[in-house]
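The structure under discussion appears below in the form of structure tokens.
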Amino acid sequence: MNNKMHLKEGLLINTESLPFSVRLWTATSVQIPFKGPREVKSFGTREYKYKKYYKYISRRG
Amino acid sequence: MSDKIVFRLFSSCLLTAGSTRALICDPQRGNYYTIPLSLYSIIAEQKKASIEETLAICEDQEEAEILKSYFNFLLEHELIFLCREDLADNFTPIKYEFDVPAIIANAIVQIGKKAEYLVDTLAQLKLLGCQAFELVVMTDCPLSFLSHILELCKGQELDEVNLYIPFNPETDYEALIEEYCFLSSVTICNAPTNEEIFLNGDSCTLRFSTKDLRDHRHCGIIAEKYFIPDLVHHSESLQHNTCLNRKIAIDVNGNIKNCPSLNESFGNIKDITLEEAICQPHFKKYWNINKDQIEVCKDCEFRHVCTDCRAYLEDPSNVYSKPLKCGYDPYTCTWEDWSKNPLKENIIIQYGIHSIE
């Protein structure tokens, strides 16, 4: 099976007609094109969670 | 196998409906967008409908074009995705449970000239699991005294230490922050200028303010710059108070409180332990007041990215009253300067906020 789903004519929506690439979920794995580097953040680490959570102990201004 | 392609909201994206419009928050990117309530209903219902089926229910072509542009927006910003109808139930919703491994998670401690109870307080906070700490030095702060209290804080395994100190022209603050790299922010009060500098690879903010921000009456500001589009914050907000939950404060006289701006004291640090104070029946009374219970806030689309304040209220006699220092009106979707609202004038005087420097 082709792992990149192309919608046939007559289906309810044709993703290729949209002005940008749309990620379509299928039962098989889909190779998502690499879009370029994103901002590096230590998501999921203890530091990140706690820093975000306790960002404002007080809000003085 | 179904060929119908339906749209789904990403599980990580959070929806909040207000009285006039709604908010869609993308916590993984730290973004949020306001959307009309009609679009909120379409997304929140999560019917297994295709975009074209949804567009077909529009009354006229113009409405369909507007809705189509909203769908384009949602897809472009990766807030919704498309999938086959028979796979649509495979995406598990996120659980909004909240917990942190701490009895007290954040603390504000004011100290005077001697800082006599700081060592003991820090030791007690460590036992309670406190992770974030704000130290407010209420007296003059020569470098020797500053170094002394920072040495006491060193090695406390705190994730965040914020410091409020008075301006001293002889102190090299940048060198100080470099030496005590555990500091998350240092605010210099009564400084000649307002300035913000990011140091230690942006892990510490050095802020100079012409105001005396050590005065607790400066606190409780509700503004867009303090919004937290974060899943942990959202989860906490659904169940707890986003300012006072698991917070403790010790004022300059050693009185143990929920917040330095609140009058009620649960004893003095010289007489009782923090644990004894927490066990008192009323200590946790604010912890579970969430934004869905607070007047006006419960109608606001920003309520789960916002932070609360129970110390300064529009109606001091009502604990569920809107925060005084919020200038947002969710019924008109407009911001105004809260301090210039004539309806708040008397309350501002009552709290003594009008006379702060």
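The values are calculated or read from the model by the stated rules, or taken from the named source; none is laboratory data. Quantities reported herein were computed from a predicted structural model and do not represent experimental measurements. Every residue, glycine as well, gets a Cβ built from its backbone with ideal geometry; the counts of neighbours run over all protein chains shown. Accessible surface is based on the protein model in full, side chains and every heavy atom, while ligands, DNA and RNA are left aside. Shrake-Rupley method; radii C 1.70, N 1.55, O 1.52, S 1.80 Å.
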Problem set entry | Contour minus Cα-Cα distance for B:Ile272 and B:Ser12 (0.36 nm per residue) | 89.2 nm
For this session: Please identify which residues in the stretch B:195-209 have an amide N closer than 13 Å to a label point set 7 Å out from the Cα of B:Ser339, following the Cα→Cβ vector.
Result: none
Seminar exercise, completed: Which of B:Arg207, B:Arg217, B:Arg310 fluctuates most in a GNM of chain B (C-alpha springs under 10 Å)? That residue is B:Arg207
Problem set entry | Residues in the stretch B:20-68 occluded by at least 50 Å² - accessible area, probe radius 1.4 Å, against chain by itself | B:Glu52
Exercise. Can you pull the percent of the stretch B:28-96's accessible area that's carbon plus sulfur, 1.4 Å probe, other chains left in place?
Worked result: 49
Problem set entry | With Cα atoms, 0 to 90° folded angle of helix B:143-153 axis to chain B main axis | 60
For this session: For the stretch B:108-176, run through the trypsin sites (Lys or Arg not before Pro) and keep only the ones in DSSP coil with at most 15 other Cβ atoms within 10 Å of their Cβ.
Result: B:Lys113, B:Lys114, B:Lys154
Exercise. Using the Cα atoms as the points, what is the convex hull volume per residue of the stretch B:130-178 in Å³?
Worked result: 80
Problem set entry | Candidates per GluC sites (Glu not before Pro) in the stretch B:262-312, loop by DSSP, up to 15 other Cβ within 10 Å | B:Glu264, B:Glu295
Exercise. Plugging the Kirkwood radius over Cα pairs into Stokes-Einstein for the stretch B:19-78, at a temperature of 37 °C and a viscosity of 0.692 mPa s, what D comes out in µm²/s?
Worked result: 265
Exercise. Solvent-accessible area per residue for chain B at a 1.4 Å probe radius, Å²?
Worked result: 45
For this session: Could you name every residue in the stretch B:79-127 that has 50 Å² or more less accessible surface in the full protein assembly than in its own chain alone (probe 1.4 Å, ligands and nucleic acids excluded)?
Result: B:Leu82, B:Arg84
Seminar exercise, completed: Calculated from DSSP helices alone, with each H run of at least 4 adding -39500 (n - 2.57) and the total divided by the residues of chain B, [θ]222 nm to the nearest 500 comes to -6500 deg cm²/dmol
Exercise. In nm, to one decimal, how far is the B:Gln293 label point from the B:Leu37 one, both placed 7 Å along Cα→Cβ?
Worked result: 2.5
Seminar exercise, completed: Over its alpha-carbon atoms, chain B yields an Rg and a Dmax in Å of 23.8, 75
Exercise. Share of the stretch B:134-217's accessible area from carbon and sulfur, percent, 1.4 Å?
Worked result: 47
For this session: Could you run the Karplus curve 6.51 cos²θ - 1.76 cosθ + 1.60 with θ = phi - 60° over the stretch B:119-135 and give me ³J(HN,Hα) per residue in whole Hz, x for Gly and Pro?
Result: 4, 5, 4, 4, 5, 5, 5, 4, 5, 7, x, 4, 10, 10, 9, 10, 10
Problem set entry | Lysine pairs within the stretch B:205-292, Cα separation less than 21 Å, 8 or more sequence positions apart or different chains | 10
Exercise. Which far-off residues, 5 or more places away or on another chain, put their amide H under 5 Å from the one on B:Tyr320, with H placed in the peptide plane?
Worked result: none
For this session: Could you calculate the contour length gain from B:Leu87 to B:Glu195, that is, 0.36 nm times the residue separation minus the distance between their Cα atoms, to one decimal place in nm?
Result: 33.6 nm
Problem set entry | Contact surface A-B: accessible area buried, both sides summed, square angstrom, 1.4 angstrom probe | 4000
Exercise. Does the protein assembly as shown come out rounded, prolate or oblate by the C-alpha gyration tensor, with a ≥ b ≥ c the root eigenvalues, rounded set by a/c under 1.5 and, if not, prolate when a/b is larger than b/c and oblate if not?
Worked result: prolate
